Amino acid sequence: MNAVFPGSFDPITNGHLDVLERASRMFGQVTVTVMHNARKSGRHLFTLQERLAILREATAHLPNVTVDSFEGLLVDYMQEQGHGIIVRGLRAVSDYEYELQIAHLNREIGGVETVFVMAATHWSYVSSSMVKEVASYGGPVDNMVPPASALALRSKFAEQDHQAAGTTPD
Ligand code: PNS
């Protein structure tokens, strides 16, 4: 069966990757799809193309995982592409209420089922937003994100620092 792992992925963290690796063992094919979250509108650090490039590099070791993007409703994408199941990751109980609401909504408006995959407990504190905050102050994030995300975070904040200082990066 095919599954879709949708998200903002700004950028992908080790928690996302852990969920994706587990899902890739459960489903024949998994598509990681970058989508728009209205709650995070205008607050993305990376462009869509940057997020896709990071995802491709971070998932290159998973032969049954492909990367895609879609602008619109997740259930419409699922129907257009003939995908069966939505995969969403849960880090902690605090994620559950929001995820349950979306899962019910997607079943109501599109008849699509959601499977929750629990990330390993040691990633329970990791989120893209916290990783971005740590990286923005030059803090260490290499243990929380795949190398492609860590590299992209470093160059993005170096670029922003140079812009603020009016200099050009090396
Ligand atoms: O990584 P995120 O930001 O938690 O992912 C949320 C996302 C992008 C999967 C969700 O906002 C979504 O499905 N967006 C597409 C539009 C949609 O279908 N909205 C209805 C369900 S909220």
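We did not get these values from a lab; they are worked out from the coordinates using the rules stated. These numbers come from a predicted model, not from an experiment. Heads up, the Cβs are rebuilt from the backbone with ideal geometry, glycines too, and the neighbour counts pull from every protein chain shown.
By counting other Cβ atoms within 10 Å of each Cβ, how are 44, 61, 16 ranked from fewest to most? Intermediate values should be presented prior to the final figure.
Numbers: 44 19, 61 11, 16 27.
Ranking 44, 61, 16 by Cβ neighbours within 10 Å, fewest first, gives 61, 44, 16.
Who wins for biggest fluctuation among 100, 90, 48 in a Gaussian network model of the chain, springs between alpha carbons below 10 Å?
100
I'm checking a number: the convex hull volume of the Cα atoms of region 69-170, normalised per residue, in Å³. What is it? Before the final figure, lay out each step's value.
Numbers: hull volume 15.5 nm³, N = 102.
It comes to 152 Å³ per residue, whole-number rounded.
Can you pull the one-decimal nm distance between simple spin-label points at residue 64 and residue 21, each 7 Å off the Cα toward Cβ?
For the pair residue 64/residue 21, the computed spacing is 1.6 nm.
Taking the Cα centre of the chain as the origin, how large is its charge dipole in debye, to the nearest 20, when only Lys and Arg (+1) and Asp and Glu (-1) carry charge on their Cβ atoms? Numbers along the way, then the final one.
Numbers: 13 positive and 19 negative charges, 35 e Å.
Value, rounded to 20: 160 debye.
Got a sec? How would 45, 62, 153 order by Cβ neighbour count within 10 Å, fewest to most?
62, 45, 153
Multiplying the sequence separation of residue 97 and residue 120 by 0.36 nm and subtracting their Cα-Cα distance, what value in nm do you get?
On the way: separation 23, 0.36 × 23 = 8.28 nm, distance 1.91 nm.
Full extension from residue 97 to residue 120 adds 6.4 nm.
Okay, helix-only estimate at 222 nm for the chain: each DSSP H run of n ≥ 4 adds -39500 (n - 2.57), divide by all residues, round to 500 deg cm²/dmol; what do you get? Present the calculation step by step, with values, prior to reporting the outcome.
On the way: 6 runs with 78 residues, N = 170.
Helix contribution divided over all residues of the chain: -14500 deg cm²/dmol.
Loop-only check: which GluC sites (Glu not before Pro) in region 12-108 are DSSP coil with at most 16 other Cβ within 10 angstrom?
Details: sites: 21, 50, 57, 71, 80, 97, 99, 108; in loops: 71.
Passing sites in region 12-108 are 71.
Could you tell me the relative contact order of the chain? Use alpha-carbon pairs under 8 Å, at least six residues apart, and round to a whole percent.
Working: 245 pairs, mean separation 48.9, N = 170.
Result for the chain is 29 percent.
Got a sec? Which residues in region 74-89 would a label at residue 29 touch, if it sits 7 Å along Cα→Cβ and we count backbone N under 16 Å?
Inside the label zone: 77-87.
Between the alpha-carbon centers of region 19-38 and region 106-164, tell me the distance in whole angstrom.
For region 19-38 versus region 106-164, the Cα centre distance is 15 Å.
So what's the chain giving for Rg/Rh, alpha carbon basis, Kirkwood Rh from the mean inverse pair distance?
Values: Rg = 16.4 Å, Rh = 16.7 Å.
On the Cα set of the chain, Rg over Rh gives 0.98.
Take every Cα-Cα pair in region 113-166 and report what % of them are more than 14 Å apart. Intermediate values should be presented prior to the final figure.
Working: 848 of 1431 pairs.
Tail of P(r) above 14 Å: 59 percent of Cα pairs.
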